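Here is the structure we will look at.
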Amino acid sequence: MAFEVIRKTTIIATDSLLTLANGEKVEVACTDFAPLQTVHSAASRLNARAGFKEFEITTPDNGAHIIIKRNRQ
């Protein structure tokens, strides 16, 4: 399954993150997805629920692009 941006009237960051397969990494522009802080918050909630650091969020350019990695347990 490929990374997919889930959008209804707004983007649902947590549902979008869950479309990543285990071990998959994707780079996306914040203008196409969501602000960096929104993605960090969504990843933090999902990591807390999983009990380990399932999602890692990094940015190579101060938040213009986001690299999202889904780790295996």
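A few remarks follow.
- Placing pseudo-labels 7 Å out from each Cα toward the beta carbon at Thr14 and Ile67 gives an inter-label distance of 2.7 nm.
- Label-point gap, in nm, between Ala48 and Val28 - each point 7 angstrom along Cα→Cβ: 2.1
- Mean separation of Cα contacts under 8 Å, 6 or more apart, over the residue count of the chain: relative contact order %: 32
- Averaged over its residues, the chain has an accessible area of 62 Å² per residue, based on protein heavy atoms and a 1.4 Å probe.
- Amide proton proximity set for His65, modelled H, under 5 Å, gap of 5+: Cys30
- The charge dipole of the chain, taken about the Cα centre with unit charges on the Cβ atoms of Lys, Arg (+1) and Asp, Glu (-1), comes to about 280 debye, rounded to the nearest 20.
- Split the accessible area of the chain by element, probe 1.4 Å, and carbon with sulfur accounts for 48%.
- Whole-Hz couplings from phi, Karplus 6.51/-1.76/1.60, listed for the range 26-37; x for Gly and Pro: 9, 10, 9, 6, 4, 5, 8, 10, 7, x, 3, 4
- Ranked by how many other beta carbons lie within 10 Å on average, peptides 13-19, 48-54 from highest: 13-19, 48-54
- Protection proxy ranking, peptides 20-27, 35-42, average beta carbon neighbours within 10 Å, highest first: 35-42, 20-27
- For the chain, the share of DSSP beta bridges that are antiparallel, to the nearest 5, is 100%.
The values are calculated or read from the model by the stated rules, or taken from the named source; none is laboratory data. The structure displayed is predicted, hence computed values, not measured ones. Methodologically, a virtual Cβ is constructed for each residue, glycine included, from the backbone with ideal geometry; neighbour enumeration extends over all protein chains shown. Heads up: the accessible areas ignore ligands, DNA and RNA and are worked out on the full protein's heavy atoms, side chains in. Shrake-Rupley method; radii C 1.70, N 1.55, O 1.52, S 1.80 Å.
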